[in-house]
Amino acid sequence: MKDKDLEKTQPILLSEIKEGKKRSDIYDELADELIDITEEEKEAMEQAEEALAEKNIALAESLLAEEQEEKEEDAKDEASETEETTEETQDDKNKKTKKNKLKEKWQKLSKKQKILVIVASILVLLIIIGGIVLLVVKANKKKDEPKKEEEKAVVMADNFYYKDGKLYILDEDEKEIGTYECKNKNSNSCYLAYNNYADKLDVPKILGEDGKTKTERVPVYNNDYIFVYDTPDADGMAKRIVLYSLSQKKELETYTDVKAYDDDYVIVADKKDNYGLIKVNDEVTQVIEPSYENLYMIDKADNLVAQKGNSYVVINKNNKVLSKKIETSEELKYYSNKLIVTEELGKYTAYDYNAKMVVESSGFMTTRDAYLFLINENNEMFIIDAEGTKYNEEGIKLYNDNYVTSYIYDKNGKLSSTKQSFKIEVGSDELNILLYTKDFKEDKYNIVNLKEGLNNKKLAYYSYFNGKLYFYDDEEKVNLLGTYTCGSKNKVTGVDGKLSSCHQALSGKNDDVNNVIPIFNKRYVFIYDGATYNLYDLVEGKNKGVYANVGAFFPSLVDNQPFVSGSYDVIAVNKKNKSGMITIAADKVTGKYGFNYNSLKRLKDYIVALNASNKYQLIYNESTASVEYNYDIVDYINKGQYVKLMDQSTSKYYVYDANGKKVGKDTYSYVELYDDYYVAILNDKTLKIYDYEGNVISSKDVTIASTNYFGDKPAFKVTSSGNTFVVSILKNGNYEDTTIERISKDTQESEDTKKDEESR
């Protein structure tokens, strides 16, 4: 609805108009009108005469009492009148004699007779006066009025006026562009039709200053097509609206209801009250045949909603069905190109075009595009889409509850104020929600990043919105555990689930966004924020520790496990780059090993520590540790009885016992420890098997084909059974087995001696 069209609504009753004048000229040249005396008016005059007669009877009684008093005074003066008789002329005597006779006759009448005489006299007088007035009025009416008995009053409206049974249509410059001959010669029954506002959609309201809905006429299209409300008494239609062409001077169609919209679309109802759609501009085009119980449309919307019984269906302007039938007795309140909102008794329901219910809410609800805006009892707005995806977790606080915009117009038809709570602008990547204060002044925009909501769909058990992390204990993300305010806000531009600056800490196992360090006891969570790892208490809402890094856990954690319960030891690195260990229990966090180590790492059941002297140790518990080693401990067997060491600078391997003594003479390219033997790879890719005294116990050497010692398919595998070994060598993706006999120490020494002699 256009504001300029809403400023012209006040009709004015006038008496007469000169044809061919503009509205401003018309007002200056109007005269008073005369109206016929009707039968009802005559009856009212007679009733008034009767009431006046009753008053005159009372007055007559009063006069009789006064006359009696005069009679008594006349008796007193009779003597003096006798003395003066000689001075009277004969004419005076005759007059007095006649007067005395009338008095005598009047005195002889009874009281009742006297009252009747007085009343009759008054009535005769009134009849004479009334007759004279009636003759004067009739004479003037006959002289000044036409003979036809139709309404002669002129009604001036916004874009037309009524006179003598015709509508005179005016353009924007108030020039006459055509006329319409009314079938009902009455300005109250023949006028340009008003737009129907009966639909209870949550669209902007046009109100007067009294708060009542302000009516608006259906516009004149192309200075040619008009919709006229014209209901003759004998027509038989309760409501008759004529589509009339001024240029063709003829009726084109007759309707019972009209709902006009922007873009020249008009919803109309035929004589059977079936609704369809027409478009009126330079011509009239039927777009949708009248076939629906009702049609609903929002200005400039691409689609309509059609109703038949207790079902709604979305259609386009070509009558193509776009949705499944939504079966509901609730009233339609709003719709978009993705969603439909209905309401009943304050409960709102949203459906998608597949007729699937998206959400129910006891508060207000509306939709724009693919998004739903829900307002709860605390006047907070929440946003979701057709799939139920959240776009904010904390509601946007509104200042007033005027959720449906109201345009207020003064008595002169001018827009005086606008009342609204918010205005929504839907962009490709964000929603802009402008808030209005209690006195309806613009306040500020709330910008909602749509990418954040879509990105959160990739995250399990937590979300990120506008600088805050939200943690839940369910996949639906309903039950909130707590929140964390990021020191470094994320700039979310993708929808892959990745957060760059602030997120739940990852375990480092792989690049999976959900391979996170789990939440401990649904309370404690490690959060990467900027360059630090914060151990955050969701219950208390504060940090328990700030670390440069977080490492190993005891007991071990399963990958992609969102929650763990119980007590866990956690290796961490403080801001001074010193390593220590903390214990996370059900309701507290305590220190276990002080942050005094250059590094700590978990190795099976124990911890490998690099102490302040840059020596390596196995830490068994709070009070027990192994001897110091010069090289990094990478494996051990039998609770640390033997350890595998690696020189990080040369990538060479060694075997040592718990006393710090080297086992064997050689250095190796790789070593694998077994319970009672170890397998070593020499520099030339030769595989040998040794006991823990450093003696070779394999009967022959085997050459490996690969140097990949880790993963699902390492370069070799060795198993033993009795006095034999089975060595499996990886070649071309497959393992080739070689059986080797186990030899004793003495046999090996003899073989070594024999080789030495042969070499000499």
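The values are calculated or read from the model by the stated rules, or taken from the named source; none is laboratory data. Note that the structure is predicted; figures quoted are calculated from it, not measured. Because the Cβ atoms are built from the backbone with ideal geometry, glycine has one as well, and the counts that use them run over all protein chains shown.
A Cβ distance below 7 Å, combined with a sequence gap of six or more or placement on separate chains, defines the contacts here; from region 316-327, residues that are farther than 19 Å from Leu277 by Cα reach residues that are loosely packed, with under 15 Cβ neighbours inside 10 Å in the pairs Lys324/Asn354; Glu327/Asn310. When region 617-631 is limited to residues that are hydroxyl-bearing (Ser, Thr, Tyr) and touching a residue at least 24 places away in the same chain (Cβ under 8 Å), the one that is farthest from Lys592 (Cα to Cα) turns out to be Tyr629.
A single entry from Ala460, Ala370, Ala386, Ala355 fulfils the requirement of being on the phi > 0 side of the Ramachandran plot, of a type outside the set (D, E, K, R) and in contact (Cβ under 8 Å) with a residue 24 or more places away in the chain: Ala355.
For region 659-697, a tally of residues being assigned to a loop (DSSP other than H, G, I, E, B), of a type in the set (A, V, I, L, M, F, W, C) and touching a residue at least 40 places away in the same chain (Cβ under 8 Å) returns 1. Filtering region 428-447 for residues that are touching a Phe, Trp or Tyr at 6+ places or on another chain (Cβ under 7 Å), surrounded by fewer than 17 Cβ atoms within 10 Å (Cβ to Cβ), of a type in the set (A, V, I, L, M) and more than 16 Å from Glu393 (Cα to Cα) leaves a non-empty set. Looking across region 563-611, the residues that are more than 24 Å from Arg523 (Cα to Cα), outside any strand (DSSP E or B) and not charged (D, E, K, R) come down to Asn577, Asn598, Asn611.
If the condition is being closer than 18 Å to Leu450 by Cβ, within 10 Å of the chain's Cα centre (by Cα) and hydrophobic (A, V, I, L, M, F, W, C), then region 345-374 contributes Leu372, Phe373, Leu374. Scanning region 152-186 for residues that are among the aliphatic types (A, V, I, L, M), farther than 18 Å from Arg217 by Cα and crowded, with 20+ Cβ neighbours inside 10 Å gives a single hit, Val154. A count restricted to region 612-653 and to residues that are within 60 Å of the chain's Cα centre (by Cα) and in a loop (DSSP other than H, G, I, E, B) stands at 3.
Inside region 289-298, residues that are buried (at least 22 other Cβ atoms within 10 Å of the Cβ) and either modelled with pLDDT under 95 or of a type in the set (A, V, I, L, M) (or both) make up a count of 2. Against the list (1) outside the structural domain of Thr724 (by TED's automatic domain parsing); (2) assigned to a loop (DSSP other than H, G, I, E, B); (3) among the charged types (D, E, K, R), the condition Lys700 fails is (1).
So that you can scan it fast, the table gives a plain yes or no per residue for (1) closer than 21 Å to Tyr629 by Cβ; (2) at pLDDT 95 or above; (3) of a type in the set (Ser, Thr, Tyr):
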site: Lys662; (1), (2), (3): yes, yes, no
site: Asp666; (1), (2), (3): yes, no, no
site: Leu673; (1), (2), (3): yes, yes, no
site: Ile689; (1), (2), (3): no, yes, no
site: Ser706; (1), (2), (3): no, no, yes
site: Phe716; (1), (2), (3): no, yes, no
site: Ser728; (1), (2), (3): no, yes, yes
site: Gly733; (1), (2), (3): no, no, no
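Restricted to region 281-352, the set of strands (runs of 3 or more DSSP E) holding at least 1 residues that are within 18 Å of Asp202 (Cβ to Cβ) comprises 294-296, 303-308, 311-316, 331-335, 339-344, 347-352.
Taken over region 181-230, the residue count meeting the criterion of being more than 31 Å from the chain's Cα centre (by Cα), among the hydroxyl-bearing types (Ser, Thr, Tyr) and not in a loop (DSSP other than H, G, I, E, B) is 4.
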